[in-house]
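Everything below concerns the one structure shown next.
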Amino acid sequence: MAIVKQTSYGVSLPCAAEAIVEGYVYKDNGSGQMTKTTAKNDVAVAVALSSSLDPQTGAPVVKAAGDPHGFALIGSGLIVKVASVASATYQFGAKVYLSTTAGMVTSSAATSTPIGHYVGKDNMTTSSAGELIDVYLDMPIGSAVES
């Protein structure tokens, strides 16, 4: 019998002045605050574990600069839901890369930074931008850009 043990957890990190969106990938804005990645060669730091929403209306809430929020660190070994671009096809076990769409990932290397490996249904194609896919965050922060 195998024993399974969770060895890592989410962390609370300070945010930039923006709404946080579940599954989006974030980087350091240069002031130690999380902001969405915007380039495929960014240094990704974490994935948002939930969205900052108003509990009564469900509307997105902009965080004040420095406010904490829950994230899963890149390289943490956690399996999390990550927002994908539309029309990307993922193969089980293949690397997942940053895209040029703010905070989202893609299946194409194309001089992009890998953040982990896809662990969902094999040969799955996303139908819309922001669709959440399962990603194993096993690549270290600052992984080399791949071509």
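Read-outs: derived from the displayed coordinates by stated rules, not from any lab. Computed from a prediction, not measured in an experiment: that's the story for all the values here. Cβ: placed from backbone, ideal geometry, glycine included. Neighbour counts: every protein chain shown.
Here are the numbers for this structure:
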{"quantity": "Antiparallel DSSP beta bridges within the chain, percent to nearest 5", "calculated": "95 percent"}
{"quantity": "Total charge dipole magnitude, the chain, about the Cα centre, Cβ charges on Lys, Arg, Asp, Glu only, Debye to nearest 20", "calculated": "140 debye"}
{"quantity": "Hz values of 3J(HN,Hα) by residue in the stretch 136-145 - Karplus curve (6.51, -1.76, 1.60), Gly and Pro given as x", "calculated": "8, 7, 10, 8, x, 4, x, 4, 5, 5"}
{"quantity": "For the stretch 8-70 and the stretch 103-125, distance of Cα centres in Å", "calculated": "20 Å"}
{"quantity": "Read-out Cα extents along the principal axes in Å, derived from the coordinates shown; its label in (i) 66, 38, 28; (ii) 69, 39, 23; (iii) 41, 38, 31", "calculated": "(iii)"}
{"quantity": "Karplus-derived HN-Hα couplings along the stretch 108-120 (A = 6.51, B = -1.76, C = 1.60, θ = phi - 60°), whole Hz, x at Gly and Pro", "calculated": "9, 5, 5, 6, 10, 8, x, 10, x, 10, 6, 10, x"}
{"quantity": "HN-Hα J in Hz across the stretch 67-82 - Karplus 6.51, -1.76, 1.60, θ = phi - 60°, x for Gly and Pro", "calculated": "4, x, 8, x, 9, 9, 5, 4, x, 6, x, 7, 9, 10, 7, 10"}
